[in-house]
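Asker: After the structure tokens below, expect a handful of questions from me.
The values are calculated or read from the model by the stated rules, or taken from the named source; none is laboratory data. Note that the coordinates shown come from a computational prediction; the quantities given were computed from them, not determined experimentally. Using ideal geometry, Cβ is built from the backbone for each residue, glycine included, and neighbour counts are taken over all protein chains shown. The accessibility values were calculated without ligands, DNA or RNA, using every heavy atom of the protein model including side chains. Shrake-Rupley method; radii C 1.70, N 1.55, O 1.52, S 1.80 Å.
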Amino acid sequence: MGMTMTQKILAAHAGLDRVEAGQLIKANLDMVLGNDITSPVAINEMQKMKNQTVFDKEKIALVMDHFIPNKDIKSAENCKCCRDFARQHDITNYFDVGEMGIEHALLPEKGLVAAGDAVIGADSHTCTYGALGAFSTGVGSTDMAAAMVTGKAWFKVPSALKFVLTGKPSKWVSGKDVILHIIGMIGVDGALYKSMEFAGDGIAYLSMDDRFTICNMAIEAGGKNGIFPVDEKTIQYMKEHGNKPYEIYEADEDAVYDAEYTIDLSQLKPTVAFPHLPENTKEIGTFGEVKIDQVVIGSCTNGRIQDIRQAAEIMKGRKVAKDVRCIVIPATQAIYLQAMREGLLETFIEAGAVVSTPTCGPCLGGYMGILAAGERCVSTTNRNFVGRMGHVESEVYLASPAVAAASAIIGKISCPCELGL
């Protein structure tokens with residue numbers, strides 16, 4: 001019986017020849033991640049331990065991104081806690097105002113994660129790094145505390161689902177539409193504590209940004225992690241973003257999967273997740289008019305340069321609808337700077353949108369775009385739970401940057417094709 005990609009990575013990090021689904025293992029970690037919300041809890045737990053020394057100052061990353069720049073006294077205190085901890089332990093990868101970005105866009109960009117790594121983060125969307133062929137998953141803050149001291153974590157080896165992607169997606173279909181389609185198909189618990197493993201010739205047509213988006217939302221299907229095979233695009237990305245050593249793992253031909261799904265990317269259409277679950281998906285053209293009040297383009301799911309370029313392409317020379325607020329948030333400083341150099345920020349501002357410094361902000365209902373009762377928002381973020389972005393009577397519709405940009409211009413949920421694009 002063979003092993004999946006995830007199982008091979010976990011076996012290697014546990015020092016074992018092989019592992020099986022359901023097996024409990026202790027694995028060595030290549031990176032431990034925390035942010036300004038989760039890190040203070042971990043730091044406080046660590047201070048209760050007998051050993052209060054970090055296992056490796058190079059293998060811990062603290063990213064201030066959820067309420068940065070600080071929105072209030074509490075967020076300022078949280079960041080001060082992290083800042084003091086980083087100074088005390090000489091943490092190499094501490095990112096604050098001026099250097100930070102949204103954590104799951106920042107770490108790959110900085111070359112801190114590579115193929116074959118085992119990574120945990122005290123944030124559920126840590127599963128993003130599976131796009132690089134790494135095992136990465138979210139954990140609680142107490143697990144983060146233990147990992148910062150020991151460099152290890154306990155795992156139950158997950159079983160797997162295989163998603164075979166075939167065909168070439170059409171122009172306005174992106175990674176966001178692929179993962180929304182999958183979540184709509186299997187449900188928000190369809191991959192509960194399973195590894196979502198992607199394969200097939202269709203992968204070649206997905207950019208790295210597409211793959212990051214897909215893996216980012218594996219957790220929205222209940223997945224333990226999402227993971228893509230390492231190909232030329234992956235290797236090129238890693239070369240462009242640092243020289244961290246990497247190791248390529250491939251699933252065995254006789255690897256066991258709980259289920260296998262084949263998805264023809266050429267048949268997919270722009271997809272929207274209606275309130276109040278990511279599984280409540282509908283294809284553009286299958287529902288009536290849905291007027292909106294706000295659009296958010298950004299987040300760890302869709303704030304990368306491909307996303308920003310696509311939104312700008314649609315908004316260039318057009319105006320945001322009169323009664324719509326449009327907020328654009330590049331995911332990192334480097335992406336912000338690249339967008340500035342390409343004139344994309346000018347495009348957004350001339351269209352009547354606002355551009356924010358990198359922050360998670362509105363995604364979690366933090367700040368920079370809170371919704372009032374009865375308001376509707378089309379967002380490129382990853383969750384649309386009740387009250388996720390503000391008032392419990394507000395509504396969040398998850399969509400791609402293309403759909404979000406077109407919706408901002410037209411004033412209702414729309415496809416770019418309605419603009420003649």
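Asker: Per q in 0.24 1/Å, what log10 I(q)/I(0) does a Debye calculation on the alpha-carbon atoms of the stretch 113-210 return?
Answerer: Summing over Cα pairs of the stretch 113-210 leads to -1.44.
Asker: Rg(Cα) of the stretch 188-287 divided by 2.2 N^0.38 Å? Don't skip to the end; give the middle numbers.
Answerer: On the way: Rg = 15.5 Å, N = 100, 2.2 N^0.38 = 12.7 Å.
Rounded to two decimals, the normalised Rg is 1.22.
Asker: Among 67, 112, 44, whose Cα projects farthest towards the positive end of the dipole of the stretch 1-112, with charges put on the beta-carbon of Lys, Arg (+1) and Asp, Glu (-1)?
Answerer: 44
Asker: Related question: For q = 0.14, 0.18, 0.21, 0.25 Å⁻¹, what log10 I(q)/I(0) does the stretch 306-372 give under the Debye formula with an equal point scatterer on each alpha carbon and no solvent?
Answerer: Those come out to -0.41, -0.66, -0.88, -1.14, one per q.
Asker: Moving on to the next point. Once fully extended, how much extra length lies between residue 240 and residue 18, figured as 0.36 nm per residue of separation less the alpha-carbon to alpha-carbon distance?
Answerer: Details: separation 222, 0.36 × 222 = 79.92 nm, distance 3.26 nm.
Here the answer is 76.7 nm.
Asker: Please compute the Kirkwood hydrodynamic radius of the stretch 1-74 from all pairs of different C-alpha atoms, in Å with one decimal. Don't skip to the end; give the middle numbers.
Answerer: On the way: mean 1/r = 0.0656 Å⁻¹.
Final number for the Kirkwood radius of the stretch 1-74 is 15.3 Å.
Asker: With a 1.4 Å probe and every protein chain kept in, tell me what percent of the accessible surface of the chain is carbon plus sulfur.
Answerer: Working: 7960 of 16040 Å².
In the chain, the share of accessible area belonging to carbon and sulfur is 50 percent.
Asker: Past the 27 Å Cα-Cα mark, which pairs from 8/48; 26/239; 168/291; 26/57; 59/176; 48/74?
Answerer: Long pairs (Cα-Cα over 27 Å): 8/48; 26/239; 168/291; 59/176.
Asker: What's the Kirkwood radius of the stretch 124-277 in Å, using all Cα pairs? Show your work: numbers first, answer last.
Answerer: On the way: mean 1/r = 0.0619 Å⁻¹.
After inverting the pairwise mean of 1/r, the radius is 16.2 Å.
Asker: For a quick size check, give me the Cα extents of the stretch 71-126 along its three principal axes, largest first, whole Å.
Answerer: Projected onto its principal axes, the Cα set of the stretch 71-126 covers 39, 24, 21 Å.
Asker: Something else now. Counting pairs of Cα atoms in the stretch 332-421, how many percent are more than 21 Å apart?
Answerer: On the way: 1482 of 4005 pairs.
Pairs farther apart than 21 Å: 37 percent.
Asker: Okay, next question. All other residues with a Cβ under 14 Å from the Cβ of residue 22 taken together, and with Lys, Arg as +1 and Asp, Glu as -1, what is their net charge?
Answerer: Its environment carries a net charge of +2.
Asker: With charges only on Cβ, +1 for K and R and -1 for D and E, what is the dipole size of the stretch 92-248 about its Cα centre, in debye, rounded to 20?
Answerer: With Lys and Arg at +1 and Asp and Glu at -1, about 340 debye.
Asker: Can you give me the pair-distance distribution of the stretch 202-354, C-alpha pairs, 10 Å bins, whole percents?
Answerer: In order of increasing distance, the bins hold 8, 29, 35, 21, 6, 1 percent.
Asker: Provide the per residue accessible area, probe 1.4 Å, for the chain, rounded to a whole number of square angstrom. List each step's numbers first, then the result.
Answerer: Values: 16040 Å² over 421 residues.
Heavy-atom accessible area per residue stands at 38 Å².
Asker: For the chain, what are Rg and Dmax over the alpha carbons, in angstrom?
Answerer: 20.5, 65
Asker: With labels modelled as points extended 7 Å from the Cα through the Cβ direction, what inter-label distance (nm, one decimal) is found for residue 52 paired with residue 73?
Answerer: 2.6 nm
Asker: Top mean-square fluctuation among 107, 16, 371, Gaussian network model of the chain, C-alpha springs under 10 Å?
Answerer: 16
Asker: Would you kindly calculate the translational diffusion coefficient of the stretch 172-246, applying Stokes-Einstein with the Kirkwood radius from alpha carbon pairs, for 10 °C and a viscosity of 1.306 mPa s, and quote it in µm² s⁻¹ without decimals?
Answerer: Translational diffusion coefficient: 122 µm²/s.
Asker: Plugging the Kirkwood radius over Cα pairs into Stokes-Einstein for the stretch 259-306, at a temperature of 4 °C and a viscosity of 1.567 mPa s, what D comes out in µm²/s?
Answerer: Values: Rh = 13.6 Å.
Calculated translational D: 95 µm²/s.
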